[in-house]
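Student: Got a structure for you, questions after.
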Amino acid sequence: MSAFYFFYGITFVLVCMVAVCVSVCTYLVSHRTSYLTVSAFFFFDMLESAIVFLDEYQGRKMMTDILSDQFPMTHPIVKLVLSIGIMTSMWVFALAIVNKTSRLHVLVPCIAFSAFEAMSLVLQPDSIKQLAFYALRSLFMFVAFGMIFVCYRKSKPLARKSFYARYGRFLIVMAVLTVFVLIEDVRVLGLGIGRIEAIDYLYFAHGRNIPENIMSVVAAIYTVRRASQILSLRFSAPPTTSAASAKQVAEVRFSAFCDQHDISAREREVLEHLLDGQDNRAIANDLFISVGTVKSHVHTIFRKCGVSSRSELLQSFWAG
């Protein structure tokens, strides 16, 4: 294995490790459960890549097997568990960004995927087994993208604009990369194209999917970028373990929410009263402004947050 391929494998594992650490740290600061889901995704992805690297280190990837018609699948049970972990984490995150968190929405698709993924392991020959195993992951990704798109189309125009600003370009890039992941699986495992490529590359690529690695790196960059907006916040005082900790969590969430939706200083004052459940007249009295001015600020806050009611604003604030 050449030095380039060696450092490629090491670097990818390190990228996943950084994404795990950043996600866990962000969860500890903000208590947003979506970051626990993201950390689980990168943790399982890191372990899956580490297993491929381990097989190379221990010499379990034999060039004679790779060049033959048999594509041996090492550690099938371990890879099944990791695959279920990766896809379940991805699915839970997809549900979180469309505010669907019921157990039924989580369990039914994940159980169905797990069952089909387990059944693929009994297929023969090994090339068909691995094609079915990895193609199912891409198909499950497409199901997730389809679910997100349907929810997006059913949402209100203001909510669509806010959603696209937060996730639109990222999801489009991920969907395009998923297509390339599936093409690569079919090309190598289904059609056997690429057997005449350089021997060292063929050895390196066996067990890996380069577009899938690229997709994970893009997801890691997106995660670190989003998390940095929360981790860059500063406490006015060090966090404590007293009864005030819940208040501190709410303060961090409030600051992150305002930064995310570009809420101005005056709008933050109005938003704070909205979240406390006050009506427009009470807010006007507390802030010494007219009711009309409060209504104007409320309308602007709704537009920036992509909601149309106070209940939707509360749901958006506490989601994730």
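The values are calculated or read from the model by the stated rules, or taken from the named source; none is laboratory data. Bear in mind the structure is a predicted one, so any value in this text is a computation, not a measurement. Every residue, glycine as well, gets a Cβ built from its backbone with ideal geometry; the counts of neighbours run over all protein chains shown. Ligands, DNA and RNA are stripped out before the accessible areas are found, and what is left, the full protein with its side chains, is counted by its heavy atoms. Shrake-Rupley method; radii C 1.70, N 1.55, O 1.52, S 1.80 Å.
Student: Could you check VAL98 against (1) in contact (Cβ under 8 Å) with a residue 40 or more places away in the chain; (2) open to solvent by 30 Å² or more (accessible area, probe 1.4 Å) and say which number it fails?
Tutor: (2)
Student: Okay, next question. Looking only at helices (runs of 4 or more DSSP H) that lie completely in segment 273-320, which have at least 2 residues being in contact with a His (Cβ under 6 Å, 6 or more places away or on another chain) and either open to solvent by 30 Å² or more (accessible area, probe 1.4 Å) or within 13 Å of HIS261 (Cβ to Cβ) (or both)? Walk me through how you get there before you give the answer.
Tutor: Values: elements: 280-287, 291-305, 310-318.
Ranges flagged: 291-305.
Student: Would you confirm, using the coordinates I've provided, whether SER264 is under 19 Å from VAL22 (Cβ atoms) and either more than 23 Å from the chain's Cα centre (by Cα) or at pLDDT 60 or above (or both)?
Tutor: Judged against the criteria, SER264 is not a match.
Student: Still on this structure, I have one more. Filtering segment 208-252 down to residues that are of a type in the set (S, T, N, Q), at pLDDT 65 or above and assigned to a helix (DSSP H, G or I), which residue is most open to solvent (accessible area, probe 1.4 Å)?
Tutor: Ranking the qualifying residues of segment 208-252, first place goes to GLN229.
Student: Kindly indicate whether ALA175 is in a helix (DSSP H, G or I) and exposed (fewer than 13 other Cβ atoms within 10 Å of the Cβ). Break it down into steps so the answer makes sense when it comes.
Tutor: Numbers: in a helix (DSSP H, G or I): yes; exposed (fewer than 13 other Cβ atoms within 10 Å of the Cβ): no.
When the stated conditions are applied, ALA175 does not pass them.
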